[in-house]
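Peer 1: Here it is, the structure in full.
Computed from the coordinates by the stated procedures, all read-outs in this text should not be read as laboratory data. All values reported here derive from a predicted model rather than from experimental measurement. FYI the Cβ positions are ideal-geometry reconstructions off the backbone, even for glycines, and counts take in every protein chain you see.
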Amino acid sequence: MGEAFWAHETACVDDPGAIGEGTRVWHFSHIAKGASVGPRCSIGQNVYIAHGAVVGAGVKIQNNVSIYEGVTLEDGVFCGPSVVFTNVINPRSHISRKHEYRATLVRQGATVGANATILCGLTIGRFAFVGAGTVVTRDVPDFALVTGNPGRQQGWMCRCGIKLKLPVKGGRTRVSCQACGAGYRRSRAGLVGAEGA
């Protein structure tokens, strides 16, 4: 299907011009007209990306995920198998609520684990980590580790994917990753990079 990206013969790509160079689209996936998919993405089997959905560069979407209108995945986001996104807070089959869609933003480098459910209208912060099976009902701070139903913060994660030894609240305000050495300090948005932490 062109030289810029590759799509399996069973994939349905409504607008090839909306897909970035080096992206791979696997079996039975559908990218609707009006969707935007950046370069170097991996779109797994049976993925649906709707009109109005935005997928940044280098995003990995595993099998059986639907990215609905109003959902934006920034660069470097990882979505595990069967992640669920929503875009209406109170759906009914007999009432159209397309004018009530709530935008969901997954910020750069965040990971959303397998079978997690993300309620609409929320923001998942930069390099946050949502554990498998988590139900996200509120915004997630940058670099936060969130698990459970409802999702609750259990700690902090380095951008390299290793849990940081820093309590959620109280105690120290700075930490360095034991794996890669990156330094962080607390901020209102979660954690931010800090030299010499």
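Peer 1: Which of the residues spanning region 41-54 are in contact with a Gly (Cβ under 7 Å, 6 or more places away or on another chain) and either hydroxyl-bearing (S, T, Y) or buried (at least 17 other Cβ atoms within 10 Å of the Cβ) (or both)?
Peer 2: C41, G52
Peer 1: Filter region 161-197 down to the residues that are under 23 Å from the mean Cα position of the chain (by Cα), assigned to a loop (DSSP other than H, G, I, E, B) and surrounded by 16 or more Cβ atoms within 10 Å (Cβ to Cβ) and list them by number.
Peer 2: C177, A182
Peer 1: Take the residues in region 95-105 that are of a type in the set (D, E, K, R) and outside any loop (DSSP other than H, G, I, E, B); name whichever of them is surrounded by the fewest Cβ atoms within 10 Å (Cβ to Cβ).
Peer 2: In this case the residue turns out to be K98.
Peer 1: Just name the residue that is nearest to the chain's Cα centre (by Cα) out of those in region 55-94 that are of a type in the set (A, V, I, L, M), buried (at least 20 other Cβ atoms within 10 Å of the Cβ) and not in a loop (DSSP other than H, G, I, E, B).
Peer 2: Checked region 55-94; the qualifying residue nearest to the chain's Cα centre (by Cα) is L73.
Peer 1: With respect to the numbered conditions (1) over 27 Å from R159 (Cα atoms); (2) touching a Lys or Arg at 6+ places or on another chain (Cβ under 6 Å), which one is the sole condition not fulfilled by G58?
Peer 2: Looking at each condition in turn, G58 falls short on (1).
Peer 1: Give the residues of region 26-40 that are in a loop (DSSP other than H, G, I, E, B) and in contact with a Gly (Cβ under 8 Å, 6 or more places away or on another chain), sorted by residue number.
Peer 2: Hits for region 26-40 are W26, S29, G34, A35, G38, P39, R40.
Peer 1: Can you tell me which residue among T173, T134, T147 is hydroxyl-bearing (S, T, Y) and within 19 Å of L105 (Cβ to Cβ)?
Peer 2: Details: T173 fails: within 19 Å of L105 (Cβ to Cβ); T147 fails: within 19 Å of L105 (Cβ to Cβ).
Matching residue, one of T173, T134, T147: T134.
Peer 1: Considering region 146-158 alone, what residues qualify as being buried (at least 21 other Cβ atoms within 10 Å of the Cβ) and outside any loop (DSSP other than H, G, I, E, B)?
Peer 2: V146, W156, M157
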